[in-house]
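The structure under discussion appears below in the form of structure tokens.
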Amino acid sequence: MKKILFVFAIFSLTIVSCGETKKEDVKKEIESPKKEEVKEAPKAAAGDDVVALGEKLFTDKTCVSCHQLDAKIVGPSVKDIVKIYEDNNASLVAFLKGEKEAIVDTDPGQVAIMKANLDGFVKDLKQEELEALAAYMKSAK
Ligand code: HEC
């Protein structure tokens, strides 16, 4: 009787361990496609991060107080700016760096308002921050 019990015990151990192996295999199969997804994620996130940073700067740096998405307030709307920049194949970053003249609103009074910002605080922004602002404006149009 003892022998039978012993054999039975080994038998059930074998079943249990086989079961575990199978479970692990299944786990691996489920996990492996996920790993590939994770590899892709940072790329997409990087783009989103730049736009998110740009959106934050657009508010923090008071751009939003003169530029709304759709409507002209003090300055032209973001949509108008981006459209004219795209039509002219011009660089928002170059304008913000003070390297290029205004092309959207060339009225001297208006240009002076924006120029005061460029000379005041925009010149202190880093290249990445200017690029983020440009990326946000392009994404928001
Ligand atoms: C005090 C109001 C004011 C603030 C703040 C302001 N702008 Fe402007 N912006 C203007 C006015 C007015 C114009 C129109 C004159 C012009 O086009 O240069 C303008 C024009 C622009 C243009 C178009 C330039 C062109 O080629 O004509 C861009 C791009 C721009 N602003 C980006 C920004 C960004 C980015 C910020 C924040 C860092 C900002 N502005 C903050 C008033 C402002």
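The values are calculated or read from the model by the stated rules, or taken from the named source; none is laboratory data. A quick note: this is a predicted structure, and the numbers were derived from the prediction, not measured. FYI the Cβ positions are ideal-geometry reconstructions off the backbone, even for glycines, and counts take in every protein chain you see. Note: areas computed on protein heavy atoms with side chains; ligands, DNA, RNA excluded. Shrake-Rupley method; radii C 1.70, N 1.55, O 1.52, S 1.80 Å.
Are any of the pairs Lys100/Lys123; Lys61/Lys97; Lys97/Lys126; Lys61/Lys100 more than 18 Å apart by Cα-Cα distance, and if so, which?
Flagged as over cut-off: Lys61/Lys100.
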With DSSP loop assignment and no more than 12 other C-beta atoms within 10 Å, the GluC sites (Glu not before Pro) in region 51-133 are Glu99, Glu101
Taking 0.36 nm per residue of sequence separation and subtracting the Cα-Cα distance, how much length would be gained by fully extending the chain between Thr106 and Glu128, in nm to one decimal? 5.2 nm
What's the percent breakdown of Cα-Cα distances in region 92-141 across 10 Å bins, shortest bin first? 26, 54, 21
What full-extension length gain, to one decimal in nm, is calculated for Ile73 and Ala52 as 0.36 nm per residue of separation minus the Cα-Cα distance? 5.2 nm
How much accessible area does Asp60 have with a 1.4 Å probe, in Å² rounded to the nearest 10? 90
